[in-house]
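Participant: If you scroll down you'll find the structure; I have some questions about it.
Taken together, the values in this text are just the output of simple stated rules run on the coordinates, not laboratory data. Note that the structure is predicted; figures quoted are calculated from it, not measured. Here Cβ is always computed from backbone atoms with ideal geometry, including for glycine, and neighbour counts include all displayed protein chains.
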Amino acid sequence: MDSEYLKFYLIGSIAFVFASVSIYNRFIKYKNMIEESWSGIDIALKRRFNLIPNMINAVKLYSKHEADLLTKVSESRHGSTGIADRTAEESAVTQSLQGLLAIAEAYPDLKASQNFLALQHSLADVENEIMDARSVFNAAVRKNNTLVQSFPSNIIAKLFGFRNAQYFALELATQRAVPEVK
């Protein structure tokens, strides 16, 4: 009988070790997916940020105030790596970009400018990239968070310090608010 218990204990221990290693490796996989997809968001945000000086120059001729506001916001961007800090910074840039795009509505010459239209098109392309990268990032975060919260992987998460990741949400400058119908 003792050899049967020992055999059962040995098989159970080996199965536990293999299951733990498998869960640990899934955590590492999701951690790497989150980092990789954050890099995609970061690249797209940098591309958007690089468009800003060109948009400022195009608008300066029409509205000094709005161009100065966007210049100040773009200069205050620190390029934080934390998701919450980065979201706040990028939201401020988004609001300024929305104001800048609204200027085009007030100035028909600017609205018709080929240079401004090309910049606006580039901005829309970059924001589509941000939206796609955000979707990939948030999918990886969802998988990670599900693993962190599920049993028995939550035990491995606590043991090795894996935590829930934060989703990335950002309103984009080219997204229009849906008008309220009364």
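Participant: Between Gln95 and Lys60, what length in nm is gained on full extension when 0.36 nm per residue of separation is reduced by their alpha carbon distance?
Facilitator: Fully extending the segment from Gln95 to Lys60 adds 10.8 nm.
Participant: Something else about it: At a 10 Å Cβ-Cβ cut-off, how would you order Ile43, Ile156, fewest neighbours first?
Facilitator: Ile43, Ile156
Participant: Please compute the modelled spin-label separation between Phe151 and Ala112, points set 7 Å along Cα→Cβ, answer in nm with one decimal.
Facilitator: With each label placed 7 Å out from Cα toward Cβ, I get 7.0 nm.
Participant: For the residue pair Ala169 and Lys31, what label-to-label distance in nm results when each label sits 7 Å from Cα along the Cα-to-beta-carbon direction?
Facilitator: Distance between the two pseudo-spin positions: 2.7 nm.
Participant: For Arg142, Arg163, Arg26, what's the fewest-to-most ordering of other Cβ within 10 Å of each Cβ?
Facilitator: By the 10 Å Cβ count, ascending: Arg163, Arg142, Arg26.
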